[in-house]
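Read the structure below first, then the notes.
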């Protein structure tokens, strides 16, 4: 009887630890994704003509994308498929494709950072970067509920 009780306690503790790990991973990736979304705000306003072109803000946004992409690659363990997440199962059925997406995103952001020198080059390059974001959202993120 004691073994059963001890076993049940250990099982519930280990389940709680796994849940805590999942929650931490999901929170970390959500925080990085929110930082990316925040980084798009100023340049998006510039594209719409709602704010003046500011090269420093554009470059800061692109740096955020470059910095966050490799961090995000490591935040998709199998035990983080469920919980407070909009991640679609396609991530885990095409993990290589999904992780390759982050490499492409970082590369596009780096290319844009080197290419954007003025408002004209910004208007050419920025849509490519945010278009890349949209591809991931379409294939790998569930719509908001």
Measuring from the longest principal axis of the C-alpha atoms of the chain, the long axis of helix 119-140 (C-alpha) lies at a number of degrees, nearest 10, equal to 20
Kindly provide the helix-only [θ] at 222 nm of the chain, computed as the sum of -39,500 (n - 2.57) over DSSP H runs of four or more divided by all residues, to the nearest 500 deg cm²/dmol?
-27000 deg cm²/dmol
When only alpha-carbon atoms count, how far does the chain stretch along each of its three principal axes, as whole angstroms with the largest first?
75, 28, 27
Could you tell me how many degrees, from 0 to 90 and to the nearest 10, lie between the Cα long axis of helix 2-47 and the main elongation axis, the longest principal axis, of the Cα atoms of the chain?
10
Arranged by the count of other C-beta atoms within 10 angstrom, fewest first, what order do 95, 46 take?
95, 46
Taking 0.36 nm per intervening residue step and subtracting the Cα-Cα distance, what contour gain separates residue 114 from residue 100 on full extension?
2.9 nm
In degrees from 0 to 90, rounded to the nearest 10, what is the angle of the helix 95-115 Cα long axis to the longest principal axis of the chain?
30
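Readers should treat all values here as calculations from the given coordinates under stated rules, not as data from a laboratory. Fair warning: this is a prediction, and the values are worked out from it, not measured in the lab. Note that we place each Cβ from the backbone using ideal geometry, even for glycine, and neighbour counts take in every protein chain shown.
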